Amino acid sequence: MSKQPRKQRKALYNAPAHARGKHLSAALSKDLRAKLGKRSLPIRTGDKVSVVRGDFKGHEGEVLSVDYTSYKVTIDEVTLSKPDGTATFLPVDPSNLVIIDADLKDDRRIKNKGDN
């Protein structure tokens, strides 16, 4: 594996679909971390997250969509108002988020995390 940033970026841009979810991980809150015994989980639609960095720091909301091509997440509370008055969602990088309430309906989500 190369250390060169150029090759790291190329690997990120050309990553296959099954590997992209791993790059879309966010840290867990302290209580979830203690409960699940994990430090982070891949973000999924339906998770409740808190923004910890950037202009929207402190905002909490539910994940509406996860974009695997641009590695961004849209959250229902993070919106910008356009000049014509309409609101548009601002995509957020998952590294700037903390998962407050994970959607744990799927047992494999916790069981298989970090097993590869």
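Put a plus charge on the Cβ of each Lys and Arg, a minus charge on the Cβ of each Asp and Glu, and nothing anywhere else: the dipole of the range 4-116 about its Cα centre is then about 840 debye. A full extension of the chain between Leu12 and Arg33 corresponds to an added length of 4.9 nm, given 0.36 nm per residue minus the alpha carbon distance. Between Glu62 and Asp84, the C-beta separation translates, for a Förster distance of 41 Å, into a calculated FRET efficiency of about 0.95.
Of the accessible area of the chain, computed with a 1.4 Å probe over protein heavy atoms only, carbon and sulfur atoms account for 50 percent. Helices in the chain, meaning DSSP H runs of at least 4 residues, each add -39500 (n - 2.57). Divided by all residues, the mean residue ellipticity at 222 nm is -5500 deg cm²/dmol. For the range 18-87, the list of chymotrypsin sites (Phe, Trp or Tyr not before Pro) that fall in a loop by DSSP and count at most 16 other C-beta atoms within 10 angstrom reads Tyr68. Where only protein heavy atoms count, and the probe is 1.4 Å, what is the accessible area per residue for the chain in Å²? On a per-residue basis, the chain sits at 69 Å².
Ranking of Lys3, Lys72 by solvent-accessible surface, largest first: Lys3, Lys72 (1.4 Å probe, protein heavy atoms only, all chains present).
Ordering Arg109, Arg9 by accessible surface, largest first, gives Arg9, Arg109; the 1.4 Å probe counts only protein heavy atoms, with every chain in place. Within the straight-line cut-off of under 25 Å between alpha carbons, the lysines reachable from Lys22 are Lys3, Lys7, Lys10, Lys30, Lys35, Lys38, Lys48, Lys57, Lys72, Lys105, Lys111, Lys113, sequence neighbours fewer than 8 places apart in one chain being disregarded.
Per residue, the convex hull spanned by the Cα atoms of the range 35-107 measures out at 101 cubic angstrom.
The values are calculated or read from the model by the stated rules, or taken from the named source; none is laboratory data. Because the structure is a prediction, the values reported are computed rather than measured. Using ideal geometry, Cβ is built from the backbone for each residue, glycine included, and neighbour counts are taken over all protein chains shown. Calculation scope for accessible area: heavy atoms of the full protein, side chains included, ligands and nucleic acids excluded. Shrake-Rupley method; radii C 1.70, N 1.55, O 1.52, S 1.80 Å.
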